[in-house]
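Inspection log for the structure reproduced underneath, given as structure tokens.
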Amino acid sequence: MITISLPDGSQREFPGPVTVFDVAASIGTGLAKAALAGRVGRGDAARLVDTSHLIEADTALSIVTDKDADGLDVIRHSTAHLLAYAVKELFPEAQVTIGPTIEDGFYYDFAYKRPFTPEDLAAIEKKMAELAKKDERVTRKVLPRDEAVSYFKGLGEHYKAELIEAIPQGEDVSLYSEGNFTDLCRGPHVPSTGKLKHFKLMKVAGAYWRGDHRNEQLQRVYGTAWTSKDDLQLYLTRLEEAEKRDHRKLGKELDLFHIDEHAPGVVFWHPKGWTVWQAVEQYMRQVYRDNGYQEVKGPQIIDKTLWEKTGHWDKYRENMFTTESEKRDYALKPMNCPGHILIFNSGLKSYRDLPVRYGEFGQCHRNEPTGGLHGIMRVRGFTQDDGHVFCTEDQILQECVDFTALLQKVYADFGFTDIIYKVATRPEKRIGSDEVWDKAENALMESLRATNSEFTIAPGDGAFYGPKIEYTLKDALGRHWQCGTIQVDFSMPERLGAEYVTEASDRKHPVMLHRAILGSLERFIGILIEQHAGALPVWLSPVQAVVLNITDAQAEYAREVAAALTKAGIRTKLDTRNEKITYKIREHAVQKVPYFIVLGDKEKEAGAVAVRARGNQDLGVMSLEALVQTVQQAISDRR
């Protein structure tokens with residue numbers, strides 16, 4: 001007898017080996033019809049399997065349907081295979097490579113003699129729907145590695161054969177078939193193609209084989225799949241809203257910045273965009289001052305010997321911009337950490353000096369591939385609000401507690417209160433004693449508990465030199481942006497000879513905390529633009545108020561009002577053009593200016609101002625002093 005334990009605590013017995021589908025059918029025909037996969041085993045040992053999986057010993061089992069997160073992942077994975085099936089039906093000469101799931105969907109990479117067109121994409125999607133409607137059974141079989149290589153070579157699928165050849169000899173591999181199509185995959189997959197109903201192909205992009213720019217370029221077809229028509233439509237609506245908020249589009253419309261072909265991956269900031277930048281930077285500079293950070297500035301170009309000592313030259317060389325002068329090799333810095341250690345090393349430090357906190361708006365350069373560049377979100381030249389804390393092991397906890405509380409306040413000031421916290425713990429290969437790792441991991445977790453922050457654990461995802469917290473923002477559209485981090489580092493201070501004098505007059509290496517709140521300022525400003533759909537809060541708006549006269553008779557008064565606002569520290573634009581007032585208001589509304597000051601004869605005679613706020617709000621007529629107070633209050637409140 002085989003005993004199956006179910007999630008509700010009940011058990012079912014079977015006379016012999018039984019499939020996941022059979023277990024579902026024994027519970028009810030409705031569950032059997034809805035079953036997409038099964039989760040076999042308990043706790044961390046549980047694994048996702050096909051409904052055809054044969055259970056041969058006592059175990060725990062949960063039936064996976066489209067109500068489960070695992071079910072949605074199985075649907076997306078299976079839809080990626082349906083995409084490849086459709087491509088092979090329409091374009092038999094195309095070669096299939098890999099097709100994983102991603103957030104909100106999937107993609108599949110293809111090698112084909114010409115680029116796929118929008119018309120091709122529509123035809124592929126139509127073919128996918130036809131194949132799904134056939135409700136063809138999806139079956140799994142296992143082949144020895146070498147036999148699988150021969151099979152795919154026989155089909156002319158050289159990319160698949162190369163993937164399998166990378167698997168150790170003697171191992172078996174699993175293949176999945178539906179209709180005339182067979183693919184290499186670990187699975188699991190839906191029982192039949194009829195389970196795949198709500199999908200859409202989104203776009204085609206370039207990709208390199210195995211992600212290496214030295215390899216041949218492939219075509220990556222992106223798609224999305226959902227469990228219901230409503231969920232698919234909600235996602236497409238969200239994408240439409242995201243397109244309206246696209247920082248690249250708004251950056252051009254609002255005249256904030258541009259990217260030029262003469263400097264790919266580097267931002268040209270226009271006056272209005274640089275005003276936003278300065279508002280963010282000056283705010284963060286005040287954060288440094290208020291929280292015990294000393295602002296420093298390291299050089300842009302550093303001799304390669306330093307990068308060799310830190311290990312970056314061997315591991316990161318391809319992503320570094322390099323240059324040579326007088327037979328010495330240099331690199332543009334891709335990060336600020338080594339420079340801060342050299343500053344720390346410039347004078348003898350005592351335990352009484354610790355913690356030492358350095359902050360820098362450090363400009364870094366990384367040689368990102370062209371295909372990975374994305375507006376100001378992913379660039380080659382960027383500035384970090386970078387900071388490093390040199391402290392003793394006993395000071396780690398308090399520094400982490402203080403940092404998490406500080407980060408939460410900063411994010412709230414920028415309008416973000418929904419934060420996701422993840423603690424990445426020790427990997428199998430690491431340096432440092434278990435005792436020190438215990439202390440570091442505990443400090444990170446306690447810092448989150450102290451600020452009432454729920455968190456998840458990412459076991460083994462820490463760096464070899466120490467654990468870390470990742471702070472992820474959730475924006476107005478529910479998208480996630482990992483910005484902040486704090487990392488505990490036992491390695492780099494030792495590698496670069498950082499020391500302090502202990503209370504016992506010994507020399508000891510400090511612990512180094514790498515921390516950033518915003519991360520890349522370019523990326524963070526892009527997030528802000530999309531979060532607020534370009535209508536930035538008053539304190540960040542490049543133009544905070546615009547003064548508009550109705551006729552030339554109020555032009556001089558308009559200049560006086562604009563001058564008074566500017567003197568009060570309000571970023572003001574004066575528009576005395578000989579245009580209709582409705583036209584001028586509409587034009588500045590498109591620029592998302594927070595306050596409109598409209599002046600006619602009545603306002604001029606009364607020495608008052610008529611005020612409208614963004615969003616067509618009429619604030620009425622008020623004195624100039626009241627206007628200044630209103631705007632200044634909005635700025636100080638960071639509304």
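The values are calculated or read from the model by the stated rules, or taken from the named source; none is laboratory data. Just so it is clear, the model here is predicted, and its values are computed rather than measured. Cβ coordinates were reconstructed from backbone atoms using ideal geometry, including for glycine residues, and neighbour counts include every protein chain displayed.
Tabulated results
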| quantity | calculated |
| --- | --- |
| Residue list for region 162-181, restricted to those being crowded, with 19+ Cβ neighbours inside 10 Å and free of Cβ contacts under 8 Å to residues at least 24 places away in the same chain | Ile164 |
| Contacts under 6 angstrom Cβ, first residue in region 78-97 being under 14 Å from Phe152 (Cβ atoms), partner assigned to a helix (DSSP H, G or I) and aromatic (Phe, Trp, Tyr), 6 or more apart | Gln95/Tyr159; Thr97/Tyr159 |
| Filtered residue count, region 501-540, keeping only those that are under 27 Å from Pro334 (Cα atoms) and more than 21 Å from the chain's Cα centre (by Cα) | 5 |
| Residue in region 515-529 that is more than 30 Å from Arg248 (Cβ to Cβ), in contact with a Phe, Trp or Tyr (Cβ under 9 Å, 6 or more places away or on another chain) and part of a strand (DSSP E or B) present | no |
| Scan of region 203-217 for residues that are of a type in the set (A, V, I, L, M) and surrounded by fewer than 16 Cβ atoms within 10 Å (Cβ to Cβ), ordered by number | Ala205 |
| Any hit, region 147-167, residues being over 22 Å from Gly223 (Cβ atoms), outside any loop (DSSP other than H, G, I, E, B) and modelled with pLDDT under 90 | no |
| Unique residue being on the phi > 0 side of the Ramachandran plot, within 35 Å of the chain's Cα centre (by Cα) and not aromatic (Phe, Trp, Tyr) when the list is Asp50, Asp104, Asp70 | Asp104 |
| Test: Thr456 is in contact with a Gly (Cβ under 9 Å, 6 or more places away or on another chain), in a strand (DSSP E or B) and surrounded by fewer than 22 Cβ atoms within 10 Å (Cβ to Cβ) | no |
| Checking Pro493 against (1) crowded, with 22+ Cβ neighbours inside 10 Å; (2) under 29 Å from Ala634 (Cβ atoms); (3) in the same structural domain as Asn336 (by the TED database), the condition it does not meet | (2) |
| Filter pass, Glu326 being touching a residue at least 12 places away in the same chain (Cβ under 8 Å) and of a type in the set (Asp, Glu) | no |
| Qualifying residue in region 268-278 (condition: in a loop (DSSP other than H, G, I, E, B), over 30 Å from Glu503 (Cα atoms) and outside the structural domain of Arg378 (by the TED database)) | yes |
| Matching entry among Gly347, Gly371 (being on the phi < 0 side of the Ramachandran plot and in contact with a strand residue (DSSP E or B) (Cβ under 8 Å, 6 or more places away or on another chain)) | Gly371 |
| Selection from region 496-521 of residues that are surrounded by fewer than 22 Cβ atoms within 10 Å (Cβ to Cβ) and of a type in the set (D, E, K, R) | Glu499, Glu503, Asp506, Arg507, Lys508 |
| Check on Lys133, of a type in the set (D, E, K, R) and within 15 Å of Lys197 (Cβ to Cβ) | yes |
| Conditions (1) surrounded by fewer than 16 Cβ atoms within 10 Å (Cβ to Cβ); (2) in the same structural domain as Glu446 (by the TED database); (3) not basic (Lys, Arg); number of the one not met by Gly484 | (1) |
